[in-house]
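Novice: Pasting a structure here, questions to come.
The values are calculated or read from the model by the stated rules, or taken from the named source; none is laboratory data. Keep in mind that this is a model prediction, so the values were computed, not measured. With ideal geometry, Cβ positions are generated from the backbone for all residues, glycine too; neighbour counts draw on all protein chains shown.
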Amino acid sequence: MGIRRRSGGFVLSINPILCDGFGHCGELAPDLVHMDEWGYPIITTVPVPLSNLAALESARYAVRGCPRQALRIDRVADPS
Ligand code: SF4
């Protein structure tokens with residue numbers, strides 16, 4: 001069995017209506033999420049390659065750790 005190639009990318013998306021602004025996601029995925037001056041997350045819209053397993057794992061931690069279920073991972077075809 002060969003190694004499957006991970007093509008495409010992902011973006012971490014937020015539903016700002018659900019977000020409570022306590023900032024757990026910034027602790028769980030500091031490479032993807034930065035907090036604004038009021039504690040609300042600012043998430044990069046630049047797609048991250050799926051081959052970046054550390055970033056993908058951080059995004060998954062953030063999604064699972066969000067108490068308001070305000071985050072999701074959207075897959076994109078081409079991260080370039
Ligand atoms: S963990 Fe969820 S609710 Fe909390 S700041 Fe991040 S997106 Fe908002």
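Novice: Say whether the condition of being of a type in the set (K, R), part of a loop (DSSP other than H, G, I, E, B) and within 10 Å of the ligand (Cβ to nearest atom) is met by at least one residue in region 62-80.
Specialist: In the first step, residues of region 62-80 are kept if they are of a type in the set (K, R); the result is 64, 68, 72, 75.
The next check asks that each one be part of a loop (DSSP other than H, G, I, E, B); those that pass are 68.
This time we only want the ones that are within 10 Å of the ligand (Cβ to nearest atom), so: 68.
Within region 62-80, one or more residues are of a type in the set (K, R), part of a loop (DSSP other than H, G, I, E, B) and within 10 Å of the ligand (Cβ to nearest atom).
Novice: Which residue, of R68, R60, R72, is touching an Asp or Glu at 6+ places or on another chain (Cβ under 8 Å) and either closer than 15 Å to G21 by Cβ or surrounded by 13 or more Cβ atoms within 10 Å (Cβ to Cβ) (or both)?
Specialist: Numbers: R60 fails: touching an Asp or Glu at 6+ places or on another chain (Cβ under 8 Å); R72 fails: touching an Asp or Glu at 6+ places or on another chain (Cβ under 8 Å).
Of the residues listed, the single one that is touching an Asp or Glu at 6+ places or on another chain (Cβ under 8 Å) and either closer than 15 Å to G21 by Cβ or surrounded by 13 or more Cβ atoms within 10 Å (Cβ to Cβ) (or both) is R68.
Novice: Within the set of pairs 6 or more residues apart or between chains, which connect a residue that is within 22 Å of L18 (Cα to Cα) inside region 38-53 to a residue that is part of a loop (DSSP other than H, G, I, E, B) and charged (D, E, K, R) with Cβ atoms less than 8 Å apart?
Specialist: Going by the 8 Å Cβ cut-off, the qualifying pairs are I42/D36.
Novice: Follow-up. Starting from region 5-28, take each residue that is assigned to a helix (DSSP H, G or I) and list its partners that are among the aromatic types (F, W, Y), counting only C-beta distances under 6 angstrom and pairs at least six apart or across chains.
Specialist: L28/Y61
Novice: Another question about this same structure. Which one of these is at pLDDT 95 or above and either of a type outside the set (V, I, T) or out of contact with any strand residue (DSSP E or B) (no Cβ under 6 Å at 6 or more places or on another chain) (or both): P79, P67?
Specialist: The match here is P67.
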